[in-house]
Amino acid sequence: QVQLLESGGGLVQAGGSLRLSCAASGRSNYVMGWFRQAPGKEREFVAAISRGGSNTRYVDSAKGRFTISRDNALNTVSLQMNSLKTEDTAVYYCAARDDVYYAASDSGYKYWGQGTQVTVSS
């Protein structure tokens, strides 16, 4: 069992940066992922990181702009988002997967945070 709590969302201008954090309570050896859901759209995969932090995966639109990282000693996962675009506007969710491998489908993640709003203005 794990509880997830996101923070760091907010309003930023296009081209700016935000850093999202996810604090996990309980076990720390989960594959961790970030997803987002824009109004009227389905929730989509953004990034994932392996248990040890050595392997990462990104959706194509995030490559080169977003960086996922984790600190297992502190039980936190972060998503550094640079060069933000208006299309990045969404509620961002942290999720935990009890498996060795990452998954790009939200059905593969058992535990979810409540989400944090990111709004990018033009």
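Bear in mind these aren't lab numbers, they're just calculated from the coordinates by the rules spelled out. Since this is a predicted model, take the numbers as computed values, not measurements. Here Cβ is always computed from backbone atoms with ideal geometry, including for glycine, and neighbour counts include all displayed protein chains.
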Net charge near Arg51, counting Lys/Arg +1 and Asp/Glu -1 over other residues with Cβ under 15 Å of its Cβ? +2
Quick one: Cα convex hull volume of segment 35-122, Å³ per residue? 103
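About the Cα centre of the chain, what is the dipole size in debye to 20, counting +1 per Lys and Arg Cβ and -1 per Asp and Glu Cβ, all else neutral?
Values: 13 positive and 10 negative charges, 33 e Å.
It comes to approximately 160 debye.
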